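S.K.: The structure under discussion is supplied below as structure tokens; questions concerning it will follow.
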Amino acid sequence: MTYPGSGLGLLPDQYIDISDRLIKNEEDGTKSLTDPITGLGNLRRMKLKTDKLIEQRDEDPAPFSIGMFDIDRFRPINDLFGRKAGDEILSQVALRISAALPENAMLARISGDMFGMVLPTCFFEKDALKIGELLRDVFAAPFDLGERIVRVSATFGFCQYPFAGATFDELFDKCESALYQARKRGAASIQVYTHEMAQAVRQRTQIEQALRKAVAAQEIEAWFQPVVNLHTKEVLGFECLARWTDAELGDVSPAVFIPLAEQAGFIDALTKQLFAKAIACARHWPDTVFLSFNLSSVQLVDPTTALAVLLMLEKMEFDPRRIKIEITETAMMSDPQTAERIINDLRAVGIRVLLDDFGTGQSSLGRLRDFSFDKVKIDRSFIATLDEDEQAGHIVRAIVNMCDALGLGVIAEGIETAEQARKLVELGCSAGQGYYFGRPAPADATIALFEKAAGAGETKCCSAIAGCCGD
């Protein structure tokens, strides 16, 4: 059974066990069932209430619901106005929600800005949704902090007994899963644990178990997509892309298994294996061709990441000047200081660092100012509409001009047509990648194509190496 330590959007692998929290409460001598700030029941009281209901419903198997919510953007209140103001908001939330709940319901403060609810007469999913909508409306009125007025919202998750579980721990876990899904949709969202969610959880568990075995057996493969000079069609380098085919699951998208590996805690092992395979392939390329590799958000908060990269390059005797590391703005945001140290350490030995998916983050211009990048990759969403959207062309031109002024190179992603490639050249972009220039290919195919091109005396031609450019 798992449980989040705060309502700040932690990933599943960061949750705290409920039993551990309850044991700790007793060890600390805090045996009271009352939260000292709000006067509500605490997590222990919520568990006792739920256990009693389960015992009663064993004899009369009528369903009931439990719910939880956390306050959106609560941390800035503490940061801006102080903890006393935060405690006042918590107390006002407790009063409002208590007044809005059915008479026989129970409201508890679980931890931080997270609250729990036991709802004995909330029988069905539709009933939980109605309660969630009612409580969401309760947050519409501003909260009074004396001389200040603050507006906040809340995100809600619900589940029903006995569908979601037969014990408090099982119910709490499913309710937390619903809240997590609601958070992913944005502030003030409501999610009830459904049959579809249950199926998704089972599928996720199946994929995770298979992925663990695949990583242990080193079955994740490195594939490569060319990055070319848009003027000459010369291959400048290749981006390494992870690919996984499972005997039972078939082809699993990296958009599925990479985030799962991050959440489950074995992305580091997967990345090291993939990096080693990529380097082994790149050693067969001409020395002028670079290898581009992606780091995950988890690795950008690990101070040892740069050292691990350098040790791998030294072990495999690969020139760091042929490496380009790609990172996304989103990946840097959780710990910018550590990310900056990693970037600087990599660049110090000649590794070039690229800002990936440029234009999709919340503060890309600020990141270019604060961090030392060598290139930016224009997100494919801008390239996809170049043919028919004049505004997309203006955005691309603005990005290219800005990067030129900052001394940064530019690579366009997702080029799929000759017209897009031509338009990018017209807009001043000199490098790009996409299906038009070559689909991702496995290592042996990439090496074979280089050997074939070399035999034909066309080692620099994109069409000779990747069989691309509209073929």
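The values are calculated or read from the model by the stated rules, or taken from the named source; none is laboratory data. A quick note: this is a predicted structure, and the numbers were derived from the prediction, not measured. Virtual Cβ from ideal backbone geometry, glycine too; neighbours counted across all protein chains shown. Protein only, heavy atoms only, side chains kept; ligands, DNA and RNA dropped before computing areas. Shrake-Rupley method; radii C 1.70, N 1.55, O 1.52, S 1.80 Å.
S.K.: Cα axis of helix 336-348 to longest principal axis of the chain: angle in degrees, 0 to 90, nearest 10?
M.R.: 20
S.K.: Next question. Of I447, P61, A166, which is farthest on the positive side of the dipole of the chain, counting Cα position, with +1 on Lys and Arg Cβ, -1 on Asp and Glu Cβ, and the Cα centre as origin?
M.R.: I447
S.K.: I'd like the Karplus ³J(HN,Hα) series for region 138-154: coefficients 6.51, -1.76, 1.60, θ = phi - 60°, whole numbers in Hz, and an x wherever there's a Gly or Pro.
M.R.: Result, ordered by residue: 4, 7, 5, 6, x, 9, 8, 10, x, 7, 10, 10, 10, 10, 9, 10, 9 Hz.
S.K.: Note the per residue figure in Å³ for the convex hull of the C-alpha positions in region 278-436.
M.R.: Expressed per residue, the convex hull around the Cα atoms of region 278-436 is 114 Å³.
S.K.: Can you list residues from other chains, or at least 5 along the same chain, whose modelled amide H is less than 5 Å from the amide H of L236?
M.R.: For L236, whose amide H was placed from the backbone, the distant partners under 5 Å are V227, V228, N229.
S.K.: Can I ask one more? Less than 17 Å apart at the alpha-carbon level, and either on another chain or at least 8 residues along: which aspartates and glutamates does that give for K233?
M.R.: Result set, ordered by chain and number: E413, E416, E419, E426, E458, D471.
S.K.: Based on alpha-carbon positions alone, could you give the equivalent ellipsoid semi-axes of region 225-300 from the gyration tensor, as √(5λ), descending, whole Å?
M.R.: Equivalent ellipsoid semi-axes, largest first: 27, 14, 12 Å.
S.K.: Can you bin every Cα-Cα distance in the chain into 10 Å intervals starting at zero and give me the percent of pairs per bin, rounded to whole numbers?
M.R.: Using 10 Å bins, I get a P(r) of 4, 17, 23, 21, 17, 12, 5, 1, 0 for the chain.
S.K.: Taking 0.36 nm per intervening residue step and subtracting the Cα-Cα distance, what contour gain separates E248 from N401 on full extension?
M.R.: 50.2 nm
S.K.: Over the chain, with the other protein chains present, what is the accessible area per residue in square angstrom, probe 1.4 angstrom?
M.R.: Result: 47 Å² of accessible area for each residue.
S.K.: Something else about it: Would you please calculate the Kirkwood hydrodynamic radius of region 38-94 over all C-alpha pairs and express it in Å, rounded to one decimal?
M.R.: 13.9
S.K.: A follow-up question, please. Among the trypsin sites (Lys or Arg not before Pro) within region 106-167, which fall in a DSSP loop and have no more than 10 other Cβ atoms within 10 Å of their own Cβ?
M.R.: Qualifying residues, ordered by number: R151.
S.K.: Continuing with this model, one more query. Along the Cα→Cβ direction, 7 angstrom out, place labels at D387 and D60. What is the inter-label distance in nm?
M.R.: With each label point 7 Å from Cα toward Cβ, the separation is 6.6 nm.
S.K.: Using a basic spin-label model with each label point 7 Å from the Cα along Cα→Cβ, how many nm lie between R212 and T417?
M.R.: Going by the 7 Å Cα→Cβ label model, 4.7 nm.
S.K.: Above 27 Å lies some portion of the pair distances; for region 94-229, what is it as a whole percent of all C-alpha pairs?
M.R.: Percent of Cα pairs beyond 27 Å in region 94-229: 37.
S.K.: With a Förster radius of 35 Å, plug the Cβ-Cβ distance of E196 and D51 into 1/(1 + (r/R0)^6) and report the FRET value to the nearest 0.05.
M.R.: Efficiency, rounded to the nearest 0.05: 0.80.
S.K.: In addition: Counting other Cβ atoms within 10 Å, which GluC sites (Glu not before Pro) in region 291-351 have at most 16 and lie in a DSSP loop?
M.R.: Those that pass, being in a loop and sparsely packed, are E317.
S.K.: How far apart, in nm, are the 7 Å Cα→Cβ label points at A99 and I37?
M.R.: Each label point lies 7 Å from its Cα, and together they span 2.1 nm.
S.K.: Show me the GluC sites (Glu not before Pro) within region 82-173 that DSSP assigns to loop and that have at most 14 other Cβ atoms within 10 Å of their Cβ.
M.R.: Here the GluC sites (Glu not before Pro) that fit, given the DSSP loop and packing criteria, are E103, E147.
S.K.: Hey, another quick one. Using C-alpha positions alone, give me the convex hull volume of region 245-367 per residue in cubic angstrom.
M.R.: 129
S.K.: Taking the DSSP beta bridges in the chain as the whole, what percent of them are antiparallel, to the nearest 5?
M.R.: 60
S.K.: At a 10 angstrom cut-off on C-beta neighbours, averaged per residue, how do the peptides 69-76, 112-119 rank from highest to lowest?
M.R.: Ranking the peptides 69-76, 112-119 by packing returns 112-119, 69-76.
S.K.: List every residue whose amide H lies under 5 Å from the amide H of M114, counting only residues 5 or more places away in sequence or on a different chain, with H placed 1.01 Å from N in the peptide plane.
M.R.: When sequence neighbours closer than 5 places are left aside, the close amide H contacts are G7.
S.K.: Let me ask something else about it. Could you state the angle between the C-alpha long axis of helix 443-455 and the longest principal axis of the C-alpha atoms of the chain, as a value from 0 to 90 degrees rounded to the nearest 10?
M.R.: The two axes meet at around 20 degrees.
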